[in-house]
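Contents: one structure, followed by commentary.
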């Protein structure tokens, strides 16, 4: 900058000098030599003798040194203030100001090696030349160079030398002892800067009375780094530093790189004698491979953990280490382009950019192959990988040197794309069996997130190889708090929509992120079209967001919260201190959360719900396998490899059918392991080209049997789908969400008859709309078996036998109309077609006969089967991963039987129906029973509006109890002989308390309590115990009772207990005389809230009330860790079933009637017991007994130690 300013000044000086006027006191002879700048600096009467400076070289050098030193300092200050103020020691290259690249620096620490390599010798040569020029200037005034040129050149030369020689040092880490204690003001400031506090204040301005309570916290994790493995090339380490600004990778990255480095290594060969033997000549191999471990790896890690960086380093390592090529397979073309650009950006500052040729299939791969160049790394989406890598014979050299296959974000392949990926990978392995000639193995690296249970087994099936799992995560994460959107209510109990939440983030200037959860929907950014006017602070990357809102099914949302473990790690630490947690707002549908959320730690279905969704490996239909086989034989293939990858029977049948279209030849090759000569059969199409059309990642069929969903406004193709199911999935009037926006399908219009010689692809037009409406179609289903034989198999799921059949049939869907709903849901329109749309396609179906065994009662009525089918349809998307539009359920008539039909909505089948039939039937029915049992109030209305597809269905006629009785008969053991029926319990009036009698054996019923009238906030808890007496019409034995209370009521009870606990709030104090007063206040505060439960138990248990309550409390498991006083509130313990002995004693006192005079006593050995008066009604003298409630059943204490017990809490004195 100083040199540029000097040159500019020299150019302008003659022009500016003409504007000067000579004063009378200055000699006229010397005026012509005076410049404008030196006159402005020294043009004073007392200093005119120094002018012109050309005649005084010593003074000129002094003046230029002073002036240019000041200019240099000023320029440096301005650059640091404008561009370099916030630079960190480890700032990535992309974050550096542009002028860093002018001096060959891609970090804040030093000049790059390549820059020092060529500039160092030049600077070394120029330094003595500059010194000699200065000496000549001092001895010969007026000679070249000019003093200013010599000074600025020296400034440039010496600062460049300093830049080349000196390396920056990292900032010294301050020890904890050196740091002063943080004052309370700083903590208060951190609290005010916390996103949750700022969000609460902003929402309060929009909706007064809001309460934001973080009911679940997840702690922060410190990042763990490790040194690069010794096998990793230094050039890879340099590229890593340029890309990330760090010198060491995370521990999970180093672990995988070490695995790849150990797969293959070269060793020096043994010495040979003067006359080498055969063993010395051929036996010793300089290449060694790892033994006993698979070379293939699967990385399961959250977003933001460095998975993309890891795949980049792996691909570069195999190239620098062994000259191997790499194939990167991604989901779509946009992902391929982004991956390639990231790699190119990483190579910009490295000399390897001239050696590593990166090609993107579908863009520049063909040009590289035509030029006879073998790319080092090929990045391909699924369709381009099949057409340009697997089908092009010009990739033989690339595949012969293939060392690494990367399936990046393999969990993004869902539905039909997953089928195509599986067959493409199988074709690739078959090709490598014939083409791979390198001594190193071809390893596969797959990256994914844990979006479902069983992802490791699913990945092994899809990628067709055994894989080593890498599930550790060493990257750092911030503290997070989890909120439910249903917890966001205003002062009058109204829901706060997401639009208000986004507006609050905008008002508080909080960076926020919104996404749909689930592997099949993660690319949809609803904020772009539903909340477009509030995108000022929206961030596409959750790592840069302080508020993260996640929508989707309940299981997907919970999994997505784990996937977003690194949310907020890129936030500005000054605006958002590390101690301020990131807020995750989980927004699943209210009915799903009410049904599936389990608060109790020992809930019966807790493990089942936690395992959702399930990752199911799809089975491709025969037509897909046939299409890939036809494409594969376009280049010569090994018959043995094809039989291994496609199945021996399928290959033999297909080869026999194609017959003359194939050319087979026998070749001999030497087995490298046994040195034996083995025959090899090679097969190829006669025309030496792929048969059939290229695949479409979203379709099973070829182009003539596909349908396109086209934007009516822009004529852009939104998506493709198989024409056989197009109108069933996208009927006229349906509203669907696409990454481009929200669209409504338009009516089909008649057009001219198409030319048979042209493509007859079906086109469905849709227009983009606003609003947040959704639709549900009315449909009936039928199934044709054709020549197939229906074989019913009886399944025993715990109760009566259930006839089930898995068939391959022709499904007939008839779409009768579409219902459109506004948020709520509120119906705004119902459209009934003049003629139903009828579609027929072959697929797999699981049939469930609704009639039980021959000895069972009569078949359930239609009004009982309709809600059962709706309940199954509600839980299917949450039970199966990415199955929203790939599997459905309905009622069909088959051979005179009314059956439930779970069928694949993919022509030819996809494997979901088979999985339900073979492994998931019981779990699916359990979830459906939970839906019918727990959906109450307004959430039950959603079951009809959203999930019921039966035309003209009337929810008022639904017989849910009959459907539950049918499910109980299948899932539960047969009840004992019926006893005499008890009197019907009185109906509780009012909207906040409802009781439903139980249906199965031991089921006492279900009681829910709502103080606000809302039902989507209910938390269900099942209490199971062994009853010593017959109660509720059930004999003595195992019984259970379901209770639901509002989540805000639980939170309020805990706050109440914390306020009453005072100084004991965080202490685990035993219930003794010192703390008895505090425990008594906590007990009194919750007694009224438990009154409805006590009254219902009194009606159910009658005279056995005391014994039943003691058994119920004793069955609650005891926590291994002592609980704080604030956590012992009876209502919280009852809802969460998490207690210590003192908490159980308090709960028993709260549930027992006042007449029992319950009191807590302490035994001789400090045991906690409960003293109860059992004979208060008769006034018996010996009716007072002492019980131990340690569990799992109450134990009567002997009389002698009971008499020596000390009273701790006496409630009978009230």
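Please treat every number below as a calculation from the coordinates, not as lab data. As the structure is a prediction and not an experimental result, all values here were calculated from the model. Cβ coordinates were reconstructed from backbone atoms using ideal geometry, including for glycine residues, and neighbour counts include every protein chain displayed.
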### Query
What full-extension length gain, to one decimal in nm, is calculated for residue 1084 and residue 859 as 0.36 nm per residue of separation minus the Cα-Cα distance?
75.9 nm
### Task
Would you mind ranking 715, 477, 387 by Cβ crowding within 10 Å, fewest neighbours first?
715, 387, 477
### Task
Output the peptides 244-250, 1044-1050, 570-576 sorted from most to least packed, where packing is the average of other Cβ atoms within 10 Å over each peptide's residues.
1044-1050, 244-250, 570-576
### Task
Provide the descending list of Cα extents for the stretch 293-379 along its principal axes, expressed in whole angstroms.
39, 29, 29
### Query
For all pairs of alpha-carbon atoms in the stretch 1006-1048, what percent lies in each bin of width 10 Å, listed from the first bin to the last filled one?
28, 37, 23, 12
### Message
How much length would be gained if the chain were fully extended between residue 652 and residue 72, taking 0.36 nm per residue of separation minus their Cα-Cα distance, in nm to one decimal?
### Response
200.7 nm
### Query
Roughly what % of DSSP beta bridges within the stretch 480-589 run antiparallel, to the nearest 5?
5 percent
### Summary
By the mean-Cβ-within-10 Å protection proxy, highest first, 343-351, 447-455 rank as 447-455, 343-351
### Query
What FRET efficiency comes out for the pair residue 479/residue 125, r = Cβ-Cβ distance, R0 = 56 Å, nearest 0.05?
0.50
### Query
At a Förster radius of 51 Å, what calculated FRET efficiency corresponds to the Cβ-Cβ distance of residue 1026 and residue 828, to the nearest 0.05?
0.45
### Message
Tell me the Rg and the Dmax, in Å, that the Cα atoms of the stretch 993-1150 produce.
### Response
15.7, 47
### Pairwise FRET efficiency - residue 606 versus residue 394, Cβ, R0 = 56 Å, nearest 0.05
0.50
### Added length on full extension, which subtracts the Cα-Cα distance from 0.36 nm per residue, residue 372 to residue 3
128.1 nm
## Note on the structure
Taking a label point 7 Å from the Cα of residue 740 along Cα-to-Cβ, the residues of the stretch 712-731 whose backbone nitrogen sits under 15 Å from it are 712-721
### Task
Using only C-alpha positions, report the orientation-averaged shadow area of the convex hull of the stretch 374-462, nm², one decimal.
5.9 nm²
### Query
Using every alpha carbon pair in the stretch 1114-1160, what percent of pairs falls into each 5 Å bin from 0 up to the bin containing the largest distance?
5, 25, 34, 20, 12, 4, 1
### Per-selection Rg to Rh, the stretch 581-675 - Cα, Kirkwood hydrodynamic radius
1.34
### Summary
the stretch 1006-1045 scanned against label point 7 Å out from residue 1196 along Cα→C-beta; backbone N under 14 Å for 1028-1029
### Task
Per residue, how big is the convex hull around the C-alpha atoms of the stretch 649-752? Give it to me in cubic angstrom, could you?
225 Å³
### Query
If you count, for each residue, the other Cβ atoms within 10 Å and average over each peptide, how do 498-504, 871-877 line up from highest to lowest?
871-877, 498-504
### Task
Report Rg (one decimal) and Dmax (nearest whole number) for the stretch 537-605, counting Cα atoms only, units Å.
14.6, 46
### Task
Could you tell me the convex hull volume per residue, in Å³, taken over the Cα atoms of the stretch 480-589?
104 Å³
### Query
Can you give the three extents of the C-alpha atoms in the stretch 1105-1214 along their principal axes, from longest to shortest, in whole Å?
39, 28, 26
### Query
So, how do all the Cα-to-Cα distances of the stretch 779-971 break down into 5 Å bins, in percent, from 0 on up?
1, 7, 16, 21, 22, 17, 11, 4, 1, 0
### Rough spin-label spacing in nm, given labels placed 7 Å along Cα→Cβ, for residue 747 and residue 794
5.4 nm
### Task
Of the DSSP beta bridges with both residues in the stretch 993-1150, give the percent that are antiparallel, rounding to the nearest 5.
75 percent
### Virtual spin-label span in nm between residue 204 and residue 704, 7 Å along Cα→Cβ
6.9 nm
### Message
Counting pairwise Cα distances across the stretch 632-685, what percent come out greater than 18 angstrom?
### Response
35 percent
